[in-house]
1. Taking segment 127-164 as the region of interest, how many residues are in a loop (DSSP other than H, G, I, E, B) and loosely packed, with under 15 Cβ neighbours inside 10 Å?
2. Could you list, in sequence order, all residues of segment 103-139 that are without any contact (Cβ under 8 Å) to a residue 12 or more places away in the chain and hydrophobic (A, V, I, L, M, F, W, C)?
3. Exactly one of these conditions fails for N24: (1) at positive phi; (2) not in a strand (DSSP E or B). Give me its number.
4. Can you pull out the residues in segment 95-126 that are in a loop (DSSP other than H, G, I, E, B) and surrounded by fewer than 17 Cβ atoms within 10 Å (Cβ to Cβ)?
5. So, D29, is that one among the acidic types (D, E), modelled with pLDDT of 95 or more and assigned to a strand (DSSP E or B) or not?
6. Since A90 meets every condition but one in (1) touching a Phe, Trp or Tyr at 6+ places or on another chain (Cβ under 6 Å); (2) touching a residue at least 60 places away in the same chain (Cβ under 8 Å), which condition does it not meet?
7. Does at least one position in segment 126-141 carry a residue that is closer than 23 Å to A21 by Cβ and in contact with a Leu (Cβ under 8 Å, 6 or more places away or on another chain)?
Amino acid sequence: MAHPPSHSRPKHLDYSVESAAVQNFNLTDANHLYANFDFTIRSYNPNSLVSIYYDKVEIYVLYEDQTLATNTIQSFFQSHKNVTRLQVRATAQTVALYGSVPKDIRVEKSSEDIELDLFLKAKIRFKVGRWKSKGRSMSVFCSPVLVNFSRDKSFYRTSCEVEI
């Protein structure tokens, strides 16, 4: 049986974190975290025929497998051969930290950098012409995202792994 030409197979979506910042960071003596985490996430759809509906997108900011902050991104549509930049803020409000995490975060803060992981969960649908697929789950994992506490240092782009 003949296979379709390779150019007809969909290409993988490309995600990266282009910028990251933390504001209003406060880790209390009782190990409760308050902070605003700001990210610019770049989503590239390299396909020439496939567009994507993002019906639900959730973002999680993780540190050593503990969730520090979450947010939901508004639904959006990404056409073919398109770059979309998402400006996202995830807020930590009285997040209780456990185990070695509070101590580790304090050590990293004293060095002016904190190494985070960014995880996105999305429900997506593909569109080709008039055809639309059923909803599928997509996971995007970005690690390590090195966030600097001072805005003076440059940010190094982080590539992400995408699974559909």
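1. Selection size over segment 127-164: 13.
2. V107, W131
3. Unmet for N24, out of (1) at positive phi; (2) not in a strand (DSSP E or B): (2).
4. Y98, G99, S100, S111, E112
5. No, not satisfied.
6. With respect to (1) touching a Phe, Trp or Tyr at 6+ places or on another chain (Cβ under 6 Å); (2) touching a residue at least 60 places away in the same chain (Cβ under 8 Å), A90 is out only on (2).
7. yes
Conditions tested, residue by residue: (1) within 14 Å of the chain's Cα centre (by Cα); (2) on the phi > 0 side of the Ramachandran plot.
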| site | (1), (2) |
| --- | --- |
| N31 | no, yes |
| N36 | no, no |
| Y60 | yes, no |
| I73 | yes, no |
| H80 | no, no |
| Q93 | no, no |
| S110 | no, no |
| F119 | yes, no |
| S133 | no, no |
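The values are calculated or read from the model by the stated rules, or taken from the named source; none is laboratory data. Being a predicted model, the structure only gives us computed values, none of them experimental. With ideal geometry, Cβ positions are generated from the backbone for all residues, glycine too; neighbour counts draw on all protein chains shown.
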